[in-house]
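Colleague: Once you've had a glance at the structure underneath, I'll fire off some questions.
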Amino acid sequence: MGMKTRIFLCLLPLLLPQVLRAVPADTLFRVGVVLPFKATGSRGGLSEAALDYYEGIRLALEDLEQMGMKVRLYVFDSQRDSAALDEMLAHPDTRQLDLMLGPVVPNELDKVARYCGQYGIPLVSPWRFYAAPVGSNCLVFNPFSNDSTRMKALTEKALWYYPGVKVVALNDNSSEAVKNIENMKQVFKAYTKRSFKVVPYNATNPGTQLPVSDSVVIIVPMSRTTVLASLNKYLESNPKAVLIGHPSWYEKMENTLSNHVLNQVILPEMNFVDYSEAEVYNFRLRYRTQYYSEPSRFTYMGYDQLYFFGQALMAFGRDFSGAVSNGNFRMLQHEYNFKKRNGYLENYGINFVSVRDLQPLKLKP
């Protein structure tokens, strides 16, 4: 199944109940992109990431246009000079935008959020979590969630992926662990029939209070990776146990994936590209053909974001937020599951990465 068909099928259940709201096929959509190109377009620092992200946007735009979407793209350089952002917001077409991607700097996001709130333009914070100022009335989409939401997303996915299995959270009494366990408990309030237990963690004798000879999911709410080494013997003796690491683990461990119990370890990660997938292979081949290099994580970000929100616009127009909320959408690099919290939409999607024969792979649904 090709990439376009696969993602369309994810949207299809949302389209069916709202056929009467379908947007006319000849609708022209206006999309704004605000990035720190630094005017010259030379690579270095933020400008390199911006150029990579924009290359992903261009590839997504090609695909959307092949699907029949008519798009006018407005690209602005927020770093050209001190007046660049004000000049952009004064542009006569800007208030007619159907979607705004960027900027990436917090104070610039504040200014754009107030503007988007004034004209009802959905705003995507492309590289970081962002909460708009109180009173801005801006609908903000956060593909990247804050730490507490990532822990909640991890917990929700674990409950879905391992139905009926006991769930245990390790607690070393650090402030990090205590905070994350509270976030997990908030999720479990909606799963009253699921078993959840908090187990004290002692690095010198870590497995004494963990279930033995039973299926169990152990969630680690601490960022230190030494937990894995201390639980080696426990995992070896309990092959039905699964350890779900902290969301920061993948980047810390990707150079040390030789641990022999990793087949029982799940690494949660937002920015993960599974090179074994045919869609990713075709995307990389296409990118290398056009740009003679390998796509970066910012390239995948740009592609995933414009492709996802472009399809949402094409199906529902500017008021697409309700239609795409609380649904799971699997992209090239990300998994999107937007839920409205505190006035903005936050991504509860997260990749579960499993290591088989030292090869990191996405766990399939």
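Colleague: Looking at PRO103, is it under 24 Å from GLU48 (Cα atoms), buried (at least 20 other Cβ atoms within 10 Å of the Cβ) and assigned by TED's automatic domain parsing to the domain that holds GLY56?
Modeller: Taking the combined requirement at face value, the residue satisfies it.
Colleague: On to the next question. Could you check segment 222-238 and list, in sequence order, the residues that are in contact with a strand residue (DSSP E or B) (Cβ under 9 Å, 6 or more places away or on another chain), closer than 19 Å to ILE181 by Cβ and in a helix (DSSP H, G or I)?
Modeller: Result: VAL227, LEU228.
Colleague: Kindly evaluate ALA132 against the criterion of being at pLDDT below 95, at negative phi and in the same structural domain as TYR344 (by TED's automatic domain parsing).
Modeller: In short, yes.
Colleague: When you scan segment 103-214 for helices (runs of 4 or more DSSP H) that lie fully inside it, which ones turn up with 1 or more residues that are in contact (Cβ under 8 Å) with a residue 40 or more places away in the chain and touching a Lys or Arg at 6+ places or on another chain (Cβ under 8 Å)?
Modeller: So the answer is 147-161.
Colleague: Ok, one more. Could you grab me the full set of residues in segment 185-217 that are in contact with a strand residue (DSSP E or B) (Cβ under 6 Å, 6 or more places away or on another chain) and either closer than 16 Å to ALA153 by Cβ or not assigned by TED's automatic domain parsing to the domain that holds SER237 (or both)?
Modeller: PHE188, VAL217
Colleague: Does segment 127-134 contain any residue that is surrounded by 14 or more Cβ atoms within 10 Å (Cβ to Cβ) and in contact with a Leu (Cβ under 6 Å, 6 or more places away or on another chain)?
Modeller: Yes; the residues of segment 127-134 include at least one that is surrounded by 14 or more Cβ atoms within 10 Å (Cβ to Cβ) and in contact with a Leu (Cβ under 6 Å, 6 or more places away or on another chain).
Colleague: Consider TYR115 carefully, then state whether it is closer than 22 Å to TYR307 by Cβ, buried (at least 18 other Cβ atoms within 10 Å of the Cβ) and hydroxyl-bearing (Ser, Thr, Tyr).
Modeller: no
Colleague: Moving to a separate point now. For LEU123, indicate whether it is crowded, with 20+ Cβ neighbours inside 10 Å, under 25 Å from ARG286 (Cβ atoms) and assigned by TED's automatic domain parsing to the domain that holds GLY302.
Modeller: Criteria not met by LEU123.
Colleague: Still on this structure, please answer the following. Inspect all residues belonging to segment 286-296 and state whether any of them is assigned to a helix (DSSP H, G or I) and closer than 22 Å to GLU156 by Cα.
Modeller: The answer is no, given that none of the residues of segment 286-296 is assigned to a helix (DSSP H, G or I) and closer than 22 Å to GLU156 by Cα.
Colleague: Do you know which of the residues in segment 57-74 that are surrounded by fewer than 16 Cβ atoms within 10 Å (Cβ to Cβ) and part of a strand (DSSP E or B) is nearest to the chain's Cα centre (by Cα)?
Modeller: LEU73
Colleague: Of the residues TYR281, TYR287, TYR303, TYR307, which is touching a Pro at 6+ places or on another chain (Cβ under 7 Å), hydroxyl-bearing (Ser, Thr, Tyr) and assigned by TED's automatic domain parsing to the domain that holds ILE57?
Modeller: TYR287
Colleague: When you check ARG72 against the structure, is it modelled with pLDDT under 70 and in the same structural domain as VAL324 (by TED's automatic domain parsing), yes or no?
Modeller: no
Colleague: While we're looking at this one, here's another question. Need a quick list: strands (runs of 3 or more DSSP E) entirely within segment 319-365 having at least 1 residues that are surrounded by fewer than 15 Cβ atoms within 10 Å (Cβ to Cβ).
Modeller: 338-341, 351-356, 359-362
The values are calculated or read from the model by the stated rules, or taken from the named source; none is laboratory data. None of these values were measured; they are calculated from a predicted model. All Cβ positions, glycine included, derive from the backbone under ideal geometry; neighbour counts span all protein chains shown.
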